[in-house]
Amino acid sequence: MFISIIIPHWNGIDVLSECLESLKKSTYHDKEIIVVDNASSDGSQEWIKDNHPNIILIENDQNYGYAGGCNRGVSIAKGEWLLFLNNDTIQEPDWLEHLAKAVENNDDVVAIQPKIRNYYDRKLFDYAGGAGGHLDLFCFPFAKGRIFLNQEEDNGQYDTADDIFWASGTAIMVRKDAFEAAHGFDETFFAHQEEIDLCWRFQLMGKRIVFEPNAVVYHKNAVSLPMYSSRKYYLNHRNSFLMLLTNYNLPLTLYFLPVRIVLEGVAIVYALFKWDLKHFGAVCKSLFWLITHPFIILKKRRLVRKVRIKNDRDILQKFYRGSIVFAHYICGIKKYSDL
């Protein structure tokens, strides 16, 4: 099995250097590494050429984000499997063997993620993916090992290979033919939750997404965008809402829409109460974008209809049947195992 590892990159030579040095220690050899540089301004391009001449480098003319960078990497990838990897990760040496073994002879599996722990505190599951992603009915994501900002210690409680709803873009391995059939990452997302959107399409195509606990990656988290930046708030709110508007069938979209609007209103009121003007402005900006881009939403809905095989009644069985916002903030649930 030949794997194309695709790393989108924008500035931060020191971060990328550690990732590439870690990949050198990987014991799986049937692979290529493609770095997609999103118009870095720190000399990353020349540094890669000088220090890693065996790595394939794509030099973009502008910053296309995670989604656009990865899509451009796929255009030259030779592997039957694509592994999209954040540049702020390091990996256990045998991680690729475990991923490859888990998907061989499983033709219905089109995506897989490793266990993702925090780089700085390696007992903790990382914020970005943990032990595999899930989604509530109103399109708020969470993961085994992480609900909102609450991260669990890894005590082996999720050490069972299992089906998940979405695999984290921190380190997600995808079958190339399925990726192309699903039309790749939606570049409207730019960054954040584009992998959830892609995995939702995989679900609609009747495919499986799995978690492999024996493959382990460590992630620094929030290197590209700080955790509490206005840009991050904006992308998370907008992209989550965009999924609700485009991936459900029309009756369910209209059914869930009023509750989602209320939840956005609660977020606005809460931000004002906390005098968090960055969060307040980001939520308002995300809603304004959604209102002013109806044609993009309609175009995406048409694309989803083209790939859909499963109906929403089947897909809903894979959702958390409630609101993770309510469960966490009102009921006090902090662990996936308590849901």
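The values are calculated or read from the model by the stated rules, or taken from the named source; none is laboratory data. From a predicted model like this one, the values you see are computed outputs, not experimental measurements. Note that each Cβ is placed from the backbone with ideal geometry, even for glycine, and that neighbours are counted across all protein chains shown.
Condition check ((1) surrounded by 11 or more Cβ atoms within 10 Å (Cβ to Cβ); (2) hydroxyl-bearing (Ser, Thr, Tyr); (3) within 21 Å of the chain's Cα centre (by Cα)) across all residues:
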| site | (1), (2), (3) |
| --- | --- |
| ALA282 | yes, no, yes |
| ARG308 | yes, no, yes |
| ARG313 | no, no, no |
| SER323 | yes, yes, yes |
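Restricting to the stretch 138-162, and then to whatever is in contact with a strand residue (DSSP E or B) (Cβ under 7 Å, 6 or more places away or on another chain) and among the aliphatic types (A, V, I, L, M), can you tell me which residue is nearest to VAL216 (Cα to Cα)?
Here the residue is ALA161.
As an exercise: evaluate SER168 against (1) in contact with a Pro (Cβ under 8 Å, 6 or more places away or on another chain); (2) within 29 Å of ASN38 (Cα to Cα); (3) crowded, with 23+ Cβ neighbours inside 10 Å and give the number of the one condition it does not meet.
(1)
Would you say GLU187 is at pLDDT 95 or above, closer than 21 Å to HIS293 by Cα and surrounded by fewer than 20 Cβ atoms within 10 Å (Cβ to Cβ)?
On the way: at pLDDT 95 or above: yes; closer than 21 Å to HIS293 by Cα: yes; surrounded by fewer than 20 Cβ atoms within 10 Å (Cβ to Cβ): yes.
Answer is yes for this residue.
Here are the criteria: (1) farther than 19 Å from PHE185 by Cβ; (2) under 22 Å from the mean Cα position of the chain (by Cα); (3) of a type outside the set (Lys, Arg). Tell me which single one THR27 does not satisfy.
Among (1) farther than 19 Å from PHE185 by Cβ; (2) under 22 Å from the mean Cα position of the chain (by Cα); (3) of a type outside the set (Lys, Arg), the lone unmet condition for THR27 is (2).
Restricting attention to the stretch 284-296, does a residue exist that is touching a residue at least 60 places away in the same chain (Cβ under 8 Å) and assigned to a helix (DSSP H, G or I)? Walk me through it before giving the result.
Here is the first cut: in the stretch 284-296, the residues touching a residue at least 60 places away in the same chain (Cβ under 8 Å) are 296.
Adding the requirement that they be assigned to a helix (DSSP H, G or I) leaves 296.
The answer is yes; a qualifying residue exists.
LYS318 - would you say it is at pLDDT 95 or above and part of a loop (DSSP other than H, G, I, E, B)? Let's see the steps before the verdict.
Numbers: at pLDDT 95 or above: yes; part of a loop (DSSP other than H, G, I, E, B): yes.
Yes.
When you check GLN62 against the structure, is it under 26 Å from LYS318 (Cα atoms), at pLDDT 95 or above and over 13 Å from the mean Cα position of the chain (by Cα), yes or no?
On the way: under 26 Å from LYS318 (Cα atoms): no; at pLDDT 95 or above: yes; over 13 Å from the mean Cα position of the chain (by Cα): yes.
Here the answer is no, as GLN62 does not meet what is asked.
Among the residues of the stretch 258-274, are any out of contact with any strand residue (DSSP E or B) (no Cβ under 9 Å at 6 or more places or on another chain), part of a loop (DSSP other than H, G, I, E, B) and modelled with pLDDT under 95? Break it down stepwise before answering.
Pass one, the stretch 258-274, residues out of contact with any strand residue (DSSP E or B) (no Cβ under 9 Å at 6 or more places or on another chain): 258-274.
Remaining after also requiring part of a loop (DSSP other than H, G, I, E, B): 274.
Subsequent filtering for residues that are modelled with pLDDT under 95 retains 274.
Among the residues of the stretch 258-274, at least one is out of contact with any strand residue (DSSP E or B) (no Cβ under 9 Å at 6 or more places or on another chain), part of a loop (DSSP other than H, G, I, E, B) and modelled with pLDDT under 95, which makes the answer yes.
Return the pairs, sorted by first residue and then second, in which the second residue is of a type in the set (S, T, N, Q) and not in a loop (DSSP other than H, G, I, E, B), the first residue lies in the stretch 145-161 and is over 13 Å from ASN118 (Cβ atoms), the beta carbons are less than 7 Å apart, and the residues are 6+ apart or on different chains.
These pairs meet every condition: GLN157/SER337.
Which pairs have Cβ atoms under 6 Å, sit 6 or more apart or on different chains, and link a residue in the stretch 305-328 that is small (Gly, Ala, Ser) to one that is surrounded by 12 or more Cβ atoms within 10 Å (Cβ to Cβ) and in a loop (DSSP other than H, G, I, E, B)?
Between residues of the stretch 305-328 that are small (Gly, Ala, Ser) and residues that are surrounded by 12 or more Cβ atoms within 10 Å (Cβ to Cβ) and in a loop (DSSP other than H, G, I, E, B), the close pairs are SER323/PHE138; ALA327/ILE333.
Quick check on LYS278: is it surrounded by 13 or more Cβ atoms within 10 Å (Cβ to Cβ) and modelled with pLDDT under 95? Reasoning before the result, please.
Working: surrounded by 13 or more Cβ atoms within 10 Å (Cβ to Cβ): yes; modelled with pLDDT under 95: yes.
Spelling it out, LYS278 is indeed surrounded by 13 or more Cβ atoms within 10 Å (Cβ to Cβ) and modelled with pLDDT under 95.
Here is a yes/no grid of residues against (1) at pLDDT below 95; (2) in contact with a Cys (Cβ under 9 Å, 6 or more places away or on another chain); (3) crowded, with 20+ Cβ neighbours inside 10 Å:
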{"site": "ASP94", "(1), (2), (3)": "no, no, no"}
{"site": "LEU99", "(1), (2), (3)": "no, no, yes"}
{"site": "ASP107", "(1), (2), (3)": "yes, no, no"}
{"site": "GLN113", "(1), (2), (3)": "no, no, yes"}
{"site": "ILE116", "(1), (2), (3)": "no, no, yes"}
{"site": "TYR119", "(1), (2), (3)": "no, no, no"}
{"site": "TYR127", "(1), (2), (3)": "yes, no, yes"}
{"site": "GLY133", "(1), (2), (3)": "no, yes, yes"}
{"site": "PHE138", "(1), (2), (3)": "no, no, yes"}
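Could you list, in sequence order, the residues of the stretch 22-66 that are buried (at least 16 other Cβ atoms within 10 Å of the Cβ) and charged (D, E, K, R)?
Within the stretch 22-66, LYS31, GLU32, ASP37 qualify.
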